[in-house]
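The values are calculated or read from the model by the stated rules, or taken from the named source; none is laboratory data. Since the model is a prediction, treat every value here as computed from it, not as a measurement. All Cβ positions, glycine included, derive from the backbone under ideal geometry; neighbour counts span all protein chains shown.
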């Protein structure tokens, strides 16, 4: 039988930019304490399962042909009237595992089409909320398994970012939805390919993982880096977050001060957390590539960060809040639907990708960017380094146009 999970595996509830039938009440809302510092409190919105509250998810256990019911609250916790767009959207797996909702406009997948909801805009005055009742219809021929999708609420219209007259943004909240259809659990995953990137003395491996089974997997194991003669140069232990059925993503491993070589071999051994499936793959003759820095040749646009600085905003050690000051230079045509992110690495491995701005248009000329950033869970032991990136596309199929290394580190013994 497919087991019920007591906690959501790898929830990522906030996506910067973010449910579905009849409105039955209009609650009065209080200011939302969880609004990140990078976002305007004047324009704050909220979105959550009505029964369980902000930061939770929805789990439905349904049989083929059965209809389930959801209740979500969308609200204006800001100080001005706002129009909030609500829609169903497919979910994907983030790098290293974990939940992510795809961008607005993504083509509905199989399970997202089960949600009986048509995209709608709601004009809300400050402290106004609406409870939405939504049906979920499971097809008669649906197979057993765990199905993940999402509902999202976002600003219908992008608004000006404080300190910049050129860039606009919208904030989005996404609510994960897990639909469990009873039957035999069949965990399975594959490792289709791998690559290496040489980043100034740090060799980073990226290995793709596809969940080909019908339940969520959380693999753990190790990645070995070998020289052409088979000498083990490094071993990286991994404990990944959730990879969702029917989705593909990747995970990263990294090693410092690796002896130079034209090619390397990766050996990967991963097992699901319950030991139900183990996968071993060897990737020989991998040639490290250099990261794409400061230009976006594929778009014919010269794009980069002439200046970017990350500094502590608080006096504690390690700092609990950081401040980004940057300038984007665009010498080409305006770039639409771009995202600017702070990427955090712990001992060379990516642990967080925080969208400072999302679904923005980067105009010609120089555009200032300012944002506050706090690493979820705070800094633990290790050395932390940071990049700031400009990306295109949704979180599942993103194209990185620019990567700029920030000259700032946090080291925790």
Residue among 271, 338 that is part of a strand (DSSP E or B), over 30 Å from residue 215 (Cα atoms) and not assigned by TED's automatic domain parsing to the domain that holds residue 103: 338
Sole exception among (1) in contact with a strand residue (DSSP E or B) (Cβ under 7 Å, 6 or more places away or on another chain); (2) outside any strand (DSSP E or B); (3) closer than 19 Å to residue 245 by Cα for residue 51, by number: (3)
Considering residues of the range 290-310 that are surrounded by 12 or more Cβ atoms within 10 Å (Cβ to Cβ) and over 21 Å from residue 406 (Cβ atoms) only, the residue modelled with the lowest pLDDT: 299
Yes/no for residue 113 being over 18 Å from residue 84 (Cα atoms) and outside the structural domain of residue 337 (by TED's automatic domain parsing): yes
Search result, residues across the range 365-378 that are part of a loop (DSSP other than H, G, I, E, B) and surrounded by fewer than 19 Cβ atoms within 10 Å (Cβ to Cβ): 374, 376, 377, 378
The range 323-344: number of residues that are out of contact with any helix residue (DSSP H, G or I) (no Cβ under 9 Å at 6 or more places or on another chain) and under 10 Å from residue 303 (Cα atoms): 4
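Residues are listed down the side, and each one gets a yes or a no for (1) part of a strand (DSSP E or B); (2) in the same structural domain as residue 385 (by TED's automatic domain parsing); (3) under 26 Å from the mean Cα position of the chain (by Cα); (4) on the phi < 0 side of the Ramachandran plot:
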residue	(1), (2), (3), (4)
195	yes, no, yes, yes
209	yes, no, yes, yes
214	no, no, yes, yes
221	yes, no, yes, no
229	no, no, no, yes
253	yes, no, yes, yes
261	no, no, no, yes
267	yes, no, no, yes
275	no, no, no, no
Residue match in the range 104-119 (condition: assigned to a strand (DSSP E or B) and farther than 26 Å from residue 66 by Cβ): no
Members of the range 55-83 that are part of a loop (DSSP other than H, G, I, E, B) and crowded, with 16+ Cβ neighbours inside 10 Å: 57, 62, 77, 78
